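Trainee: One structure coming up, written as structure tokens, with questions to follow.
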Amino acid sequence: MTRKVSLSIKLLCFAIGIYFAGLVSALSAWMYIEKWLSTPLTISDQGYSYELKPGQSLGHLAYALEREQVIDHPRLLRLYARITDLNKIHAGEYFFPKGTTPKILLEKLVKGDVVLHQVTFVEGWTYRQALAALSKVDAVEQHLVGKTEAEQIKLLNIPVNRLEGWIFPDTYTFSRNTSDIEIVQGGYQKMLAVLNAEWEKRAPNLPYKSAYEALIMASIIERETGHHSERDQIAGVFVRRLQQGMKLQTDPTVIYGMGERYQGRIRRADLEEATIYNTYVIQGLPPTPISLPSEASIRAALNPAPGKALYFVAKGDGTSEFSETLAEHNQAVRRYQLQRRSDYRSAPPPAN
């Protein structure tokens, strides 16, 4: 009986010894993993870029990084991801700077912390210029370039007859393989939201039949404004002209109507040419916007400054001279246009 008890005690001690040995081994393994997870990967000062395509797994990335000699234990990365439930990663383009550890790499993949690209549509650009800028961004999936305007409108699925003026000028941020359709649709939605919001706050007794006419006016203001502080004054001149039945007589509409024929100079024959955009010839607004107007120009078109001025001329320093009568205007033209100073400019100098 005594021998049996002694044997049981020995077996129990042996089992406990195995348990603790296994426990120590497991703890040592986990400590090794923790240390490895915090050790920077083999990445140069320039960093490392990788695009994980849709449908590719963490294992695909891990072994690709091993082939590139960036990571040394791809299976360890997969094991840790499974244990910690961090294996739900997002496809996309990633950039890993020098100093990135396996743990940081995994966290970026789980968060979908992908590289973001940008394109800027400048206030006063035409839709054509905006689309050209978008076509030069290699991260964008191109569908619109080379299509007719009617085909583009169909692809975009937006309820307009012409695209000019409908894309809000702004900087757009997106991930690689975002389509140009998505970006332009976003620009349209933003323009629509801004226009509708400003239309609701418009001044009374404006000569517009619709918000679209206000958008057309805003696009003209955008192209005529040399200094941002004068938008509402220029809007006031144009609104009073419409109210009094006068022609707008604004050069940017002539230039837009000339298209590629415009080479930096307007001749008298151009001012007399009967096109649908020549506001020296037509009465009222042109049929479409002539540029992408800013929110400030839309607001000015819908809230013009009060006053009596019916004319304005560029002074050569980026600002304008406003006049109430044609005689005053002609005098200002002689002063600022016919005798241009050597440092004449249509816009203010850039800020230092």
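Throughout, read-outs are computed from the coordinates displayed, never taken from laboratory work. This structure is a prediction, so every number in the text was calculated from the model and none was measured. As a convention, Cβ positions derive from the backbone with ideal geometry for all residues, glycine included, and neighbour counts pool all protein chains shown.
Trainee: If we count other beta carbons within 10 Å of each Cβ, what is the order of F238, F95, F121, fewest first? Let's see the in-between values first.
Mentor: Values: F238 25, F95 13, F121 22.
If I rank by nearby Cβ atoms, fewest first, I get F95, F121, F238.
Trainee: Measuring from centroid to centroid over Cα atoms, what is the spacing of region 118-156 and region 238-274 in Å?
Mentor: That distance is 26 Å.
Trainee: Output the 0 to 90 degree angle, nearest 10, between the alpha-carbon long axis of helix 58-67 and the longest principal axis computed from the alpha carbons of the chain.
Mentor: So the helix axis and the longest Cα principal axis differ by about 80 degrees.
Trainee: Using a cut-off of 14 Å between alpha-carbon atoms, which aspartates and glutamates can reach K308, once sequence neighbours fewer than 8 places away in the same chain are excluded?
Mentor: D232, E321, E324, E328
Trainee: If you wrap region 116-196's Cα atoms in a convex hull and average its projection over all directions, what's the area in nm²?
Mentor: Its Cα hull, projected and averaged over all orientations, spans 4.8 nm².
Trainee: Let me ask you something else. Charges only on Cβ, +1 for Lys and Arg, -1 for Asp and Glu: so what's the dipole of region 39-114 about the Cα centre, in debye to the nearest 20?
Mentor: Computed about the Cα centre, the dipole is about 260 debye.
Trainee: Return the tail of the calculated pair distribution for region 97-242, meaning the percent of Cα-Cα pairs more than 28 Å apart.
Mentor: 35
Trainee: Please list the three semi-axes, largest first and in whole Å, of the ellipsoid equivalent to the chain, using sqrt of 5 times the eigenvalues of its alpha carbon gyration tensor. Don't skip to the end; give the middle numbers.
Mentor: Numbers: eigenvalues 943, 80, 75 Å².
That gives 69, 20, 19 Å for the three semi-axes.
Trainee: How big is region 282-322 on each of its three principal axes, counting only the C-alpha atoms and giving the largest first in Å?
Mentor: 28, 26, 22
Trainee: Next question. Computed on alpha carbon atoms, what radius of gyration and Dmax characterise region 178-293, expressed in Å?
Mentor: 15.3, 48
Trainee: While we're looking at this one, here's another question. Give me, ordered by chain and number, the residues 5 or more places off Y94 or on other chains with an amide H under 5 Å from its own placed amide H.
Mentor: Y50, E51, L52, V115
Trainee: Here's another thing I want to ask about it. Looking at region 39-114, I'd like the Rg to Rh ratio, where Rg is from alpha-carbon atoms and Rh is Kirkwood's inverse mean 1/r.
Mentor: Expressed as Rg/Rh, it is 0.91.
Trainee: Magnitude of the Cβ-charge dipole of the chain, K/R +1 and D/E -1, about the Cα centre, nearest 20 debye?
Mentor: Numbers: 41 positive and 37 negative charges, 197 e Å.
It comes to approximately 940 debye.
Trainee: At most 16 other Cβ atoms within 10 Å and a DSSP loop assignment: could you name the GluC sites (Glu not before Pro) in region 259-298 that fit?
Mentor: Numbers: sites: E260, E272, E273, E295; in loops: E273.
In loop regions of region 259-298 (DSSP not H, G, I, E or B), the sparsely surrounded GluC sites (Glu not before Pro) are E273.
Trainee: What is the angle, in °, between the Cα long axis of helix 231-243 and the longest principal axis of the Cα atoms in the chain? Nearest 10 is fine, range 0 to 90.
Mentor: That helix lies at roughly 50 degrees to the long axis.
Trainee: What lysines could a cross-link reach from K190, if we take a straight Cα to Cα line under 26 Å and drop same-chain neighbours fewer than 8 places away?
Mentor: K136, K147, K154, K201, K209
Trainee: On a C-alpha basis, how far is the centre of region 282-322 from the centre of region 36-91 in Å? Whole number, if you could?
Mentor: Measuring centre to centre over Cα atoms gives 56 Å.
Trainee: Considering only DSSP beta bridges where both residues belong to the chain, give the percentage that are antiparallel (nearest 5).
Mentor: In the chain, approximately 80 percent of DSSP beta bridges are antiparallel ones.
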